[in-house]
Amino acid sequence: MSTSLTEEEASAVLASVAEPVAQAVVEYEPVADTRAETLDAYVVLANTLQSLDLAANSEGTSATQVLSYMETVVANLDILEQWDPRFSTANALAHWGTERVGNFNFENISQLCEGIETWLPPRLVEPIDVPRYMVVDDTQSAEDFQATRQPDHEAVRVTMVSAEDAKDIEFQAIGRAVFPVPMYPDDALPNRAISHRDIAGMLLEVEFTTDRRDFPLLKVANDAVYKATAPESPYSSVEFYVAAAYAYQLARIAYSVRFTEDAVYRRKVLDELESALVSLVLCTGSYKAPRELVRHAIELNENLRIADSIQVSRCIVNWLPEDLTERIPGPSTMGNVDELCATVVAELNALPGDRLVAVYDSQDGMEFAATGLPDRDKLSPVLVHPEQFDPKLISPNLVSPAEMWERLTVRGMSLFKTDF
């Protein structure tokens, strides 16, 4: 356990976890141990490892993209764990890692993915002593992957190969994964389960062992740890800032000519705005007022009270997290006025909120013109570290105030400072 809490505080946190875990173990009734030795299980496993590889090699990839890879891993392992409790520790680690990524914590993401894989059936690079092999080949086209940035679990070819024919398998062919049948040869997985959780500002590591093989019991213990420490909101910080930027873009459209003149377009904008505001409410429990306002604006629009709908719609932007770029003039208006730039940046740093996040929009003008709507999937939040914009920390290795100013005024960027 890693913590900065007092001994008394740490003990209270541990008790809040230990008590429900102990209760779950006491109430446990032995069940039949199931195994996921099916075609579907191998296909899901292959897709899981593809997503793990993408997350592990995600340097330079957007936070939303890395999060989507980890969410795929979690969704797959949720399924595999239902079929086979031996996937419990891999799933527990994946949930923890996904929460960290969703909180802009990408530290050691590669090692995390490697750690998850150590609890999964092995990808073989040569023959071993098993009766059969499952060969899964990826048939997804490069063009399809470029379009979706996601592996396609349906674009696979699966072949069963006997031990006698293993010499003909090209184990390390590109796009191929070879697994043993059975998945865990010789029951090699140890009789233990591990959970890592971030709780009350500390890292909690819990390990369970059994004196005999009982993976359903280990799964019950891991599940109890997760339930006792699960975050209050099922939505991540990354998702919050995407929703905030999307809501802000849509709310600003309420001032456009097309929004004023076209009732069907107005309906589309308001429907999307409601969706974004529902996300904000689910993330934080706040922003219920703008959610209800947009629902009222939708009702007014449907009842042909056009002027009233527009008036209500234009109030909504004032209830949203403030986009700080509205406070910042473009760099061309400033010139090389380092002192002024540094002063304004210092004031931005002094605003309430523990986290400064820039959300970049990669949608181009032609895409927007085609639909008249922003694209939520083109929004990418980036955590702005304080040293990047703190004028007190200027050094030869950091940017100048003028360069900071350019970073803060990138076209299509939103900037938020909140505690979420």
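Keeping to region 172-216, report how many residues are surrounded by 15 or more Cβ atoms within 10 Å (Cβ to Cβ), in contact with an Asp or Glu (Cβ under 6 Å, 6 or more places away or on another chain) and free of Cβ contacts under 8 Å to residues at least 60 places away in the same chain. Qualifying residue count, region 172-216: 1.
Please work out if Ala142 is among the hydrophobic types (A, V, I, L, M, F, W, C) and surrounded by fewer than 22 Cβ atoms within 10 Å (Cβ to Cβ). In short, yes.
Grab the helices (runs of 4 or more DSSP H) fully contained in region 307-409, keeping just those with 1 or more residues being at pLDDT 90 or above. Break it down into steps so the answer makes sense when it comes.
Working: elements: 338-350, 365-371, 386-389, 401-408.
Fully inside region 307-409 and qualifying: 365-371.
Kindly indicate whether Thr229 is closer than 30 Å to Arg355 by Cβ, of a type in the set (Val, Ile, Thr) and either surrounded by fewer than 22 Cβ atoms within 10 Å (Cβ to Cβ) or touching a strand residue (DSSP E or B) at 6+ places or on another chain (Cβ under 9 Å) (or both). Yes. Taken over region 185-236, the criterion of being within 14 Å of Pro85 (Cα to Cα) and charged (D, E, K, R) is satisfied by Asp187, Arg192, Arg213, Asp214, Lys219, Asp223. Of the residues Ser256, Ser233, the single one that is out of contact with any Gly (no Cβ under 6 Å at 6 or more places or on another chain), among the hydroxyl-bearing types (Ser, Thr, Tyr), farther than 15 Å from Leu293 by Cβ and free of Cβ contacts under 8 Å to residues at least 12 places away in the same chain is Ser256. If the condition is being closer than 30 Å to Ser233 by Cα and in contact (Cβ under 8 Å) with a residue 12 or more places away in the chain, then region 117-145 contributes Glu117, Trp119, Leu120.
Here's the yes/no breakdown for (1) closer than 17 Å to His196 by Cα; (2) at pLDDT 95 or above; (3) surrounded by fewer than 21 Cβ atoms within 10 Å (Cβ to Cβ):
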residue	(1), (2), (3)
Ala15	yes, no, yes
Ser51	no, yes, no
Gln65	no, no, yes
Thr72	no, yes, no
Phe87	yes, yes, no
Ala90	yes, yes, no
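Look at (1) acidic (Asp, Glu); (2) part of a helix (DSSP H, G or I); (3) surrounded by fewer than 21 Cβ atoms within 10 Å (Cβ to Cβ); (4) in contact (Cβ under 8 Å) with a residue 60 or more places away in the chain and you find that Glu81 fails only one, number (3). Glu114 meets each of the listed conditions (1) within 18 Å of Ser51 (Cα to Cα); (2) buried (at least 16 other Cβ atoms within 10 Å of the Cβ); (3) touching a residue at least 24 places away in the same chain (Cβ under 8 Å) apart from (2).
Can you list the helices (runs of 4 or more DSSP H) found entirely within region 161-266 that contain at least 2 residues being within 24 Å of Val17 (Cα to Cα) and modelled with pLDDT of 95 or more?
On the way: elements: 215-229, 237-253, 257-261.
Where helices (runs of 4 or more DSSP H) fall fully within region 161-266 and carry at least 2 residues being within 24 Å of Val17 (Cα to Cα) and modelled with pLDDT of 95 or more, they are 215-229.
Within region 110-129, being over 18 Å from Val178 (Cβ atoms) and assigned to a loop (DSSP other than H, G, I, E, B) holds for one residue alone: Trp119. Taking first residues from region 355-366 that are closer than 8 Å to Val382 by Cα and in contact (Cβ under 8 Å) with a residue 24 or more places away in the chain and partners that are in a loop (DSSP other than H, G, I, E, B) and among the acidic types (Asp, Glu), the Cβ contacts under 9 Å between residues at least 6 apart in sequence or on separate chains come to Val359/Asp323. Among the residues making up region 20-39, those that are in a helix (DSSP H, G or I) and in contact (Cβ under 8 Å) with a residue 40 or more places away in the chain are Pro20, Val21, Gln23, Ala24, Val25, Leu39.
How many residues, within region 145-158, are surrounded by fewer than 17 Cβ atoms within 10 Å (Cβ to Cβ) and either closer than 18 Å to Ser68 by Cβ or hydroxyl-bearing (Ser, Thr, Tyr) (or both)?
Residues of region 145-158 that are surrounded by fewer than 17 Cβ atoms within 10 Å (Cβ to Cβ), as a first pass: 145-149, 152, 154-155, 157-158.
Among the residues that remain, those that are also either closer than 18 Å to Ser68 by Cβ or hydroxyl-bearing (Ser, Thr, Tyr) (or both) are: 145-149, 152, 154-155.
Counting residues in region 145-158 that are surrounded by fewer than 17 Cβ atoms within 10 Å (Cβ to Cβ) and either closer than 18 Å to Ser68 by Cβ or hydroxyl-bearing (Ser, Thr, Tyr) (or both) gives 8.
Suppose the filter is over 20 Å from Tyr184 (Cα atoms), in contact (Cβ under 8 Å) with a residue 12 or more places away in the chain, part of a loop (DSSP other than H, G, I, E, B) and out of contact with any Gly (no Cβ under 8 Å at 6 or more places or on another chain); does Ser16 pass it? Lay out the reasoning, then the answer.
Numbers: over 20 Å from Tyr184 (Cα atoms): yes; in contact (Cβ under 8 Å) with a residue 12 or more places away in the chain: yes; part of a loop (DSSP other than H, G, I, E, B): no; out of contact with any Gly (no Cβ under 8 Å at 6 or more places or on another chain): yes.
Answer is no for this residue.
Going by the conditions given, is Ala41 among the small types (Gly, Ala, Ser), buried (at least 19 other Cβ atoms within 10 Å of the Cβ) and more than 20 Å from Pro122 (Cβ to Cβ)? Spell out the reasoning first.
Numbers: among the small types (Gly, Ala, Ser): yes; buried (at least 19 other Cβ atoms within 10 Å of the Cβ): yes; more than 20 Å from Pro122 (Cβ to Cβ): no.
Considered against the rule, which asks whether it is among the small types (Gly, Ala, Ser), buried (at least 19 other Cβ atoms within 10 Å of the Cβ) and more than 20 Å from Pro122 (Cβ to Cβ), Ala41 comes out as no.
The values are calculated or read from the model by the stated rules, or taken from the named source; none is laboratory data. Predicted model, so just to flag it, every value in this text is computed and none were measured. Positions of Cβ are generated from backbone atoms using ideal geometry, with glycine treated the same way; all protein chains shown enter the neighbour counts.
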